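Values quoted throughout were computed directly from the atomic coordinates according to the rules given, and no laboratory measurement underlies them. Here the structure is a predicted model, which means the values were calculated and not measured. Backbone-built Cβ (ideal geometry, glycine too); neighbour counts: all protein chains shown.
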Amino acid sequence: MLSAQKGDSSAFAALVRLHERRAYAVARAIAATHEDAEDAVQEGFLHAYRALDRFRPEQAFGAWLHRIVANAALDIGRRRKVRDADSLPENVALPMRDPASDDELRRRLVAGLGELSQRQRSVIVLHDVEGFTHGEIGSMLGIPEGTARSDLHHARAALRRLLADLWSER
Amino acid sequence: MTFDSRIGPNGREDDITNALRRLYAAPVDEDYWSDLAQRIMTRITNESEGDVWWQPLARLARVGVLAAGVALAIASIALTRNRTADPSLAYETLTDTPRTSLLQIAIEPDVNTEREATLRYVIAP
């Protein structure tokens, strides 16, 4: 880290290799698509590189980077929303990675996630899929921990309600 | 329709979580990550190289901005002083001029009045 701060690009490359997967996970939880998540990761690392002199060594690099990547993903989401405002409703902006999948739960889950707000969607993915704590999520998304907790509760309840009929069919 | 409700103790919750994990799964191909890291570093290198030619210009721009700031500050100070000076000058002009005129009237003899008096004396019966 210190070498990277002194301008050693190979040291920063090592940081990229070490953190890119987790950074992608953060970005993917917030971004609507894999492509947007990838852009957010690239933007995030670029911002982090530019801001290296402001990084304090006593901080955890991962947490610092995740906040930057999350902001990049949120920015990309806002830009996409403005761009798509006239053409696409929000609830279809979550394409599946594998369009050929016939997994009913997966299909319904995509539809259910489309019913959630963007923040609720991010919170449930960051918590339930990626295992971040409420505090970490709050810090990443710039919201109080209690709000992250409440968003998670509402997101889970909404998904349970939207997918309830799947279990009643069993 | 069958879902594996045996995964974990909470059945359907775990089904949702597992479906979410599949949906948001990161690419597993190692080449993908190598390529992404490479692209990130390429962007950073390009930016750094861009900085090299831009740095002297950026330094000049900074000096220019600083000079403009100083000039603006000097102009503001001069303008403020000018504004402060203007009312006092106007006040002095307003108060001094009549005072001088009155003084002149008091000191200088009134030529017209003397002439008039002489004329009256001459033509008087």
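I'm checking a number: the convex hull volume of the Cα atoms of chain A, normalised per residue, in Å³. What is it?
Numbers: hull volume 21.8 nm³, N = 170.
Here the figure is 128 Å³ per residue.
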| query | Between the DSSP loop rule and a limit of at most 13 other Cβ atoms within 10 Å, which trypsin sites (Lys or Arg not before Pro) in the range A:6-46 are left? | reply | A:Lys6
| query | How large is the charge dipole for the range A:123-170, taken about the Cα centre, if only the Cβ atoms of Lys, Arg (+1) and Asp, Glu (-1) carry charge, to the nearest 20 debye? | reply | 200 debye
| Once phi is turned into ³J(HN,Hα) by the Karplus curve 6.51 cos²θ - 1.76 cosθ + 1.60 with θ = phi - 60°, what whole-Hz value does each residue of the range A:106-115 show in order, with x for glycine and proline? | 4, 4, 5, 5, 4, 5, x, 5, x, 7
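Kindly provide the GluC sites (Glu not before Pro) of the range A:1-58 that DSSP labels as loop, not H, G, I, E or B, and whose Cβ sees at most 15 other Cβ atoms within 10 Å. All intermediate terms of the calculation are to be shown ahead of the outcome.
Working: sites: A:Glu20, A:Glu35, A:Glu38, A:Glu43, A:Glu58; in loops: A:Glu58.
Qualifying residues, ordered by number: A:Glu58.
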| note | Whole-Hz Karplus couplings 3J(HN,Hα) for the range B:17-29, θ = phi - 60° and coefficients 6.51, -1.76, 1.60, Gly and Pro as x, run 4, 5, 5, 4, 4, 5, 5, 9, 4, 6, x, 9, 5
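Within the range A:111-170, report the GluC sites (Glu not before Pro) that DSSP leaves as loop and that have at most 14 other Cβ atoms within 10 Å.
A:Glu169
Return the equivalent ellipsoid semi-axes of the range A:1-74 as a descending list in whole Å, where each equals the square root of 5 times an eigenvalue of the C-alpha gyration tensor.
Values: eigenvalues 91, 27, 19 Å².
With the √(5λ) rule applied to the range A:1-74, the semi-axes are 21, 12, 10 Å.
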